[in-house]
Structures are given as structure tokens and as C-alpha cells.
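Values quoted throughout were computed directly from the atomic coordinates according to the rules given, and no laboratory measurement underlies them. Here the structure is a predicted model, which means the values were calculated and not measured. Using ideal geometry, Cβ is built from the backbone for each residue, glycine included, and neighbour counts are taken over all protein chains shown.
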Amino acid sequence: MSTSQPIPVVVLAGFLGSGKTTLLNHLLAHRAGTRIGVVVNDFGSIEIDAMSVAGQVGDSMVSLGGGCLCCAVDGSELDAYLAKLADPAHRIDVIVIEASGLAEPQELIRMLVAGENPDVRYGGMVEVVDAAEFDATRSRHPETDRHLAVADLVVLNKTDRVDAAERARIESVLGGLCPGIPLVAADHGRIDPELLFDRRPWTETRGQLSFEDLLTRAADEGEDGDHSGHAHSQYETTEFAVDGALSPRRFIDFLDARPAGLYRIKGFVHFGVPGHEEKYEVHAVGRFLRFAPLPWARAEPRRTQLVLIGSGTDGPALLSGLEACRESAPQDAPARSMWGVLRYVRQDPEAAEAPESP
């Protein structure tokens, strides 16, 4: 059993031509110091998508051609590929599965949740939607609505190809098809990688620029110092840090009521309930939510630290809601108060199947 934290696996889904590979290339080009492992699942024997990303990830990619990953008889083959990427020698921080445009994302989610590899964990499903072909795609693929219903985050891509009225209409339809699922608008797949995973600090290069350095320099030189079009300029970040504990019940209520524009939550929470004195890492992408208990470092102060990333969110209201979660006497809380949190803690592979995300 690995003692390190399991690597999150994010599923990138969407029908043919929606822009999944473009979005993946954007993530790779703006990952800072994060090491991304990629599983590309083309439908067909000529793996075009795999070739288009291979230069950016090198050996940290597994390509599966000739059919849909979701058509596997069981998840053992997928487990084998993920185990390869999770090998400590690769030092991977996050794995992204670019599913075939004809894949059934619900089956991929099932395989990941039911997987027995302790070195990886399901990290949420992102459905990419082509704004310019929205109606045509739904007409050709009635299963679109079912795919949207299981998404944790929806990216409405190619918004530069529709006018404001059409974009508003599509967003309204999506709101009805997947109520409560956060929706991010994008063009050319440009979303902030922080919405899906943590970006590590830059590390010093030795002697020559890396491929990523060159990509970033080229992008910066082409923008004349104007960062208004950068993906990160579309989002607001709210930070919350307090000494002491939070009420697990009130915090779960806060998470259940989080606004659709709140795309990402990450950090550590101190609950201090007897029997659950560990710190709890919290990770949310869209509606996907996961907690992981971790030991406190020696002499580490017992406190809560959270970062919330969203668009159109009310920062003061979020902070007020989190302040209302503070608990002055956690030692008096009953063990059952943790049930809501424990529902989102990954269980031992030999235990019952982990719960589905909300």
C-alpha cells in the first residue's frame, strides 16, 4: 500500500469535434510545474489526438487506439495503464483521460470509482460542449443529455463562434439539462488549469529552456504584456484561513449550497471531532467532492485553510458562510456529526464501493 497521496484522475469527455484535444493542449501548455499524465483514447486505428499531444508529455502518456475505453469488459486494463502512469519514477501529479468522442463517460466513471489501485483516485468529469454545433450535436446524439447529467463541470467551448444571444440561449438550455452543474464558458479550450488541478511552482531549469518554457515565452511575447485575455482573468479567488475547527455538519451544508459559479475548492479542514482529529484535505471540481484524512505534521497548528475559485461569485458572502461554520467546542461533537464528511472519503478498496459524487 502506497503511503503517498493518490493521484487524481480527471476525465475529459465530449463528442467529436467539441475541442477536447485543444483544451488538453491548453492545460499542458499552462501547467507550470505540474506533471500531467495523459491517457488518450482515440476511436480508430490512426491515433491523431495522441500524436497532437505526444510532444508535450513524452513518456507520461498512454495511447489507446482502435475503440472506446468504456467498451472494456472490466476495468483491469484501465487499472494497468493507470498503474504505469502512477509509477513514482514518473512523479506524476495528475492524470487526464481524454475519452473518445463516442465514449460513455458514465462507464469510465464507474471503472475509476470501482478501481482497486490505491495510487489513483477519481478526480471528476469535465464535459466539453461545442457551442457552435450544440443543437446539431444533440440531434445526432440524443445521449448528450445523459452525458451532461453525470458531469461535474461543463465547459461551453467555441463561444467565440456564437453571438451573445445564442450563447445565452445555450446556457439556459444547459441549465435545464444539468441543474446545479457549474458551467464555464471558453474559446479555443482556454480555461484556467487551477479549475481542475493544482499547479506546482516553477522549478529552475538547467542550461536550456524546456518545451513548456518555450510555449509560455511564445504566448507572452505575442500578448504585448496585456493579460486581460488570460484564462485566469475570468475568475475570482477567495481565501479563508482560521485557527480552530469547523462544524462538519455546517460545512457540508455550505458545500451542498455552493453556487454554480464556484468551480473549485481546495485546502485543508480541521474538524477536531473525537475519533476524527486528523486534518481533512478537501478537493472539489464542479459538483465533484472528495475528502481525504491526513496526519498533522509535528507541531503543525490545527487550522483550516481553503481556496475557492469561481466566476461571478460573492467573495464576502462565501467568507461569511464559512465563518458561520466555525465550531468552538469540537470535542463535544458526537461522532455521527462526521457522517456527511465521511460519505466523501475514499473507502478501502476491499470495503463497500465509494459513494457517487453529488
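Assorted remarks:
- With a Förster radius of 25 Å applied to the C-beta separation of residue 171 and residue 323, the computed FRET efficiency comes to 0.20.
- Stretch gain in nm, segment residue 77-residue 106, where the contour uses 0.36 nm per residue and the Cα spacing is subtracted: 8.7 nm
- For the stretch 78-178, the direction-averaged projected area of the alpha-carbon convex hull comes to 7.4 nm².
- Sequence-distant lysines (8 or more away, or on other chains) whose Cα lies within less than 26 Å of residue 84: 20
- Looking at the stretch 281-337, the chymotrypsin sites (Phe, Trp or Tyr not before Pro) that sit in a DSSP loop and have at most 13 other Cβ atoms within 10 Å of their own Cβ are 296.
- Theoretical FRET efficiency, 1/(1+(r/R0)^6), r = Cβ-Cβ of residue 16 and residue 116, R0 30 Å, to 0.05: 0.40
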